[in-house]
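A short write-up of the structure that comes next.
The values are calculated or read from the model by the stated rules, or taken from the named source; none is laboratory data. Here the structure is a predicted model, which is why all the values come from computation and not from measurement. All Cβ positions, even for glycine, are placed from backbone atoms using ideal geometry, and neighbour counts span all protein chains on display.
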Amino acid sequence: MDQQTKNVSSITTLTTGFILFKKFMNILVSNLSSNVIDEDLKKLFSVYGEVSFIVVVRDRKTGRSKGNAFVEMPQGVQGEQAILGLHKMEMDGTIISVEEILYKAGEFNN
């Protein structure tokens, strides 16, 4: 008998009763104020769990923020909690958008 899987958010349940948790969640944060720096976001996301990577996208010439950032959290469940808790939150005078980055199959030679 084949093991069937059912995806529920970041939790995958096998018919055998085991629960597998999605690892590494890549998150896009948009509509950031130009004053926000990496450390600000690290403090914000660290409340929800470990942050393995974070970078605010900056203009090469001016060094100013382009209003977006990428965050990677090694535990998918913690990443989901961060998204639920931070999406549409006010930060430094703007309402930020926080969402999971979903890659298409083969987009990066996966």
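Listed here are the residues, each with its yes/no results for (1) surrounded by 12 or more Cβ atoms within 10 Å (Cβ to Cβ); (2) assigned to a loop (DSSP other than H, G, I, E, B).
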position: VAL51; (1), (2): yes, yes
position: VAL55; (1), (2): yes, no
position: ARG60; (1), (2): no, yes
position: GLY63; (1), (2): no, yes
position: ASN68; (1), (2): yes, no
position: GLU80; (1), (2): yes, no
position: LEU84; (1), (2): no, no
position: VAL98; (1), (2): yes, no
position: LYS104; (1), (2): no, yes
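Please go through the stretch 34-86 and pick out each residue that is touching a strand residue (DSSP E or B) at 6+ places or on another chain (Cβ under 7 Å), among the hydroxyl-bearing types (Ser, Thr, Tyr) and at pLDDT 95 or above.
Passing the criteria: only SER52.
List every residue pair whose Cβ atoms sit under 6 Å apart, with the two residues 6 or more apart in sequence or on different chains, where the first one lies in the stretch 80-102 and is within 17 Å of ILE54 (Cα to Cα) and free of Cβ contacts under 8 Å to residues at least 60 places away in the same chain and the second, anywhere, is of a type in the set (Phe, Trp, Tyr) and assigned to a helix (DSSP H, G or I).
ALA82/PHE45
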